[in-house]
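Below: one structure, written as structure tokens.
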Amino acid sequence: MRNIKRRICFLTLVLGFSTFVRSQETIEAVEQLLSQMTLDEKIGQLNLLTPGGGIATGSVVSENVEAKIKAGQVGGLFGVSGPEKVRQAQKIAIENSRLKIPLLIGSDIIHGYKTTFPIPLGTAASWDVGLIQKMAETAAKEATADGINWNFSPMVDIARDPRWGRIAEGAGEDPYLGSAIAKAMIKGYQGSDLSAPNTMMATVKHLALYGAAEAGRDYNTVDMGRLKMYNQYLPVYKAAVDAGVGSAMTSFNDIDGVPASGNKWLITDLLRNQWGFEGFVVSDYTSVNEMIAHGLGDLQTVSALALNAGLDMDMVGEGFLTTLKQSVAEGKITEVAITEACRRILTAKYKLGLFDDPYRYSDESRPAKDILTDGNRSLAREAAKRSFVLLKKQEDILPLKKKSKIALIGPLANNKNNMLGTWAPTGDPQLSVPVLEGFKNVAPKAKISYAKGANITDDPDLAQRANVFGTRVEIDERPSAVLLKEALDLSKEADVVVAVVGEASEFSGEAASRTDISLPKSQKRLLRELAKTGKPLVIVLMSGRPLTIAEELELPASILQVWHPGVEAGNAIADVVFGDYNPSGKLTATWPRNVGQIPVYHSMKNTGRPIEGDNFQKFKSNYLDVENTPLLPFGHGLSYTDFSYSNIQLNKDEIEQGESISVSVEVSNTGAYDGEEVVQLYLRDVVRTVTPPMRELKGFKKIFLKKGETKTVELTLRPEDLKFYNAALEFVAEPGEFEVFVGTDATADLKTSFRLK
Ligand code: BGC
């Protein structure tokens, strides 16, 4: 035993020492290179260009990219993939630019590379950080096989406004869960060695508060007090920094009147000085130039503002490339600041191993071995089925018997174009499994008939706007009454009706905010009419955001939320619908009753006039027309089986500052199926110097219980879980009482309490 310990100690020392030696070598090499660089060459490294071919999310695509690489005016590219193309690009840099500096090759690999996983809001609903890490590892393996060494992910923005289309791209409303997921993704992408050929550098984005855009309209202004920022919105970015993320991307919005890309407080004071971030900071797509439209001056002014704020790399806009030299000459910025930005970018390139071998990610034999393998596709199926959330159980309709006579209805029931979801530019919709095909694969003996029943939407404007990246909404020219009749006729013949409805992929995502987040009218009508047939009804709901489905929830139907499930969509949905997998997902963003309730989230404050119960009370904090509670709470998600909670215990009644406390609870599977449950712990700091949220998620564990089984589950509250930022922005735990709630969602009422001395 002692020998083993000694060996471990020795190994740790050797590893520690070699990391130290490597970072010393990197520092020396970077300084050596910097000493040879002209001002122009240093400025050149600060530019990220895209020659086109990817999704141009701004209006600009870079021109004359080859000439610019030769002239040493490019630090990195994105929108380029495939080992040969990447090799060609690196070759231009290595063989034709004076200093032979290799390029960063970036990409948006948001939920899988070619093997597309569910949208991030869906994978978050699995509450399975191990699985999420594995997906990120797989994405890194596929992307690096295709030449990419730098990923613009994870997007960690806390989103409490489902009108905002990019809620689809993140983990939802909660900083505790969001931080755990951010860490897992970064670990998955970066591994333990950034220079390994199958790992890539991650980017935490979008710094900061992008998800709090006013009224949920994309790119809109953000106005937020420091306490809310520090306690609710910033912890996720900090968690990413703590996890060693290599780069950070600024957001489009302004904060306190200064857009993130020019915000010195954000980039330098907070990110670098307070949090100790050592990587480099890239702007978002033309976000430096956009400061002109924000009203902060001309291109030279805003570029200088960005550099002085601490921004290192300018994405696409070329403001750095075209104006920084003049700003140095005019004394508006210093060469020292440029050198510093260049130093950070070169350091990242060293860490990626690009100076040892610029062609490290250009191995032509890899794509065939590593991309879209059977193993990767089965991981996508696994991830998808674990992301589904059973929103409502109607009697025992689900799971379906594999020999049933099924009417499979709906505009998304036999559709490939919407399975991948938003921000999947590297995936191919044609490779995805439609629901009809999945049903046939999993239940070959079932008798399945199919009808579209309705268009995704009958609104041609909405359809056109959702079709920016290809046809997502195909409008069937047959009259809607004909479509409906066909569906109703089939339904009347069937044992059970499964309706696959919801949003097209591009109803959510970037620049896809909606003020009405209910189902399109065409589909609402379809569901109403299907319910009237009296046949058992299953609604399979796809969306990139929480929807307002108060009316549908009243229908006599079971409802399974499947997000946009990725390349294995149909198979995964069939796995769950036919009971090969018992759903275990839980919502990570609250579903509102109506848009007027937004924002509504689980960690709201009590106010000075809280209501008792749900009934309207005059002069209390409530609405005249709708109750305060959401339609579906954070953490909600049912199972084919049932779980009950009892016997909550603490290992102490009182703890000292700096001590942890353990909470245990008995969870029983009281239903008829084996199943998984996400045990959730919420904490309420009863009295403190700044108003506390009513409760906050501070722990969770996903467990498996056989039917009839009971397990004691233990969760630990660490000292930092009791802390918050006070009025002086100090991170403290204040003495007093804490209430602990454990249960199946954010309304958990099994409760105990302890005191912090
Ligand atoms: C998005 C970023 C993305 C970038 C590059 C922008 O429009 O906001 O999230 O990384 O485009 O594709």
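Coordinate-derived values only; no laboratory data. No experiment lies behind these values; they were computed from the predicted model shown. A quick note on method: Cβ atoms are made from the backbone with ideal geometry, for glycine too, and the neighbour counts reach across all protein chains shown.
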Would you mind ranking F643, F78 so that the residue whose beta carbon has the fewest other beta carbons within 10 Å leads the list? F643, F78
What does the extension gain come out to for R718 and D374, with contour length at 0.36 nm per residue minus their alpha carbon separation? 119.8 nm
Quick calc, I703 & S518: beta-carbon distance into FRET formula, R0 35 Å, rounding 0.05, result 0.50
Enumerate the calculated ³J(HN,Hα) couplings along the range 352-358 in order (Karplus 6.51 cos²θ - 1.76 cosθ + 1.60, θ = phi - 60°), each rounded to whole Hz, writing x wherever the residue is Gly or Pro. 6, x, 6, 6, 5, 8, x
Where does the range 36-172 land on Rg/Rh, using Cα atoms and the Kirkwood Rh? 1.05
Length gain on complete extension for the stretch K401 to T747, per 0.36 nm per residue less the alpha carbon to alpha carbon distance? 121.3 nm
Relative contact order as a percentage, the chain, C-alpha pairs under 8 Å and 6+ apart, gives 13
Proportion of all alpha-carbon pairs of the chain beyond 45 Å (%): 25
Roughly how compact is the range 191-280, stated as its Cα Rg over 2.2 N^0.38 Å to two decimals? 1.14
Explain nothing, just the number: dipole magnitude of the range 324-422 about its Cα centre with +1 on each Lys and Arg Cβ and -1 on each Asp and Glu Cβ, in debye rounded to the nearest 20. 760
Just need the Rg to Rh number for the range 643-756, please, alpha carbons only, Kirkwood Rh. 1.03
What is the extension gain from A550 to N441, computed as 0.36 nm multiplied by their sequence separation minus the C-alpha to C-alpha distance, in nm to one decimal? 35.9 nm
For K91, the aspartates and glutamates lying under 18 Å Cα to Cα, once residues fewer than eight places off in the same chain are dropped, come out as E41, E66, D146, D356, D357, D363, E364
Global size of the range 44-125 as Cα Rg and Dmax, reported in angstrom: 14.8, 50
Which angle between 0 and 90 degrees, to the nearest 10, do you get for helix 2-36 versus the longest principal axis of the chain when only C-alpha atoms count? 60
Assuming R0 = 51 Å, what is the FRET efficiency of R465 and E656, from their Cβ-Cβ distance, to the nearest 0.05? 0.35
Dividing the surface of the Cα convex hull of the range 28-367 by four yields a projected area in nm² of 15.3
Note on the range 509-581: alpha-carbon gyration tensor, axes a ≥ b ≥ c; rule is a/c under 1.5 for rounded, else prolate if a/b larger than b/c, else oblate; result oblate
Residue by residue through the range 512-526, which ³J(HN,Hα) values in whole Hz follow from phi under the Karplus form 6.51 cos²θ - 1.76 cosθ + 1.60 (θ = phi - 60°), with glycine and proline marked x? 9, 7, 10, 8, 10, 10, 8, 5, x, 3, 4, 7, 4, 5, 4
For each pair in K187/K711; K42/K85; K392/K701; K114/K405, compute the distance between the two Cα atoms and list the pairs where it is over 27 Å. K187/K711; K114/K405
Just in the range 667-744: which GluC sites (Glu not before Pro) are loop by DSSP and have at most 15 other Cβ atoms within 10 Å? E709, E730
Which lysines have a Cα lying under 20 Å from the Cα of K521, excluding residues fewer than 8 positions away in the same chain? K452, K485, K532
Checking rank on 160-172, 274-286, with mean other Cβ inside 10 Å and highest first, the result is 160-172, 274-286
Only counting other Cβ atoms within 10 Å, I'd like T691, T250, T752 sorted with the fewest neighbours first. T691, T752, T250
Can you return the lysines within cross-link range of K385? Criterion is Cα-Cα under 16 Å, with same-chain partners fewer than 8 residues away left out. K134, K586, K702
Given +1 on the Cβ of Lys and Arg, -1 on the Cβ of Asp and Glu, and no further charges, what dipole in debye does the range 107-197 carry about its Cα centre, rounded to the nearest 20? 40
For the range 559-582 versus the range 651-725, the gap between their alpha-carbon centres in whole angstrom: 29
Can you list the HN-Hα couplings for the range 714-719, worked out from phi with the Karplus curve (6.51, -1.76, 1.60; θ = phi - 60°), rounded to whole Hz and with x for Gly and Pro? 10, 10, 10, 9, 8, x
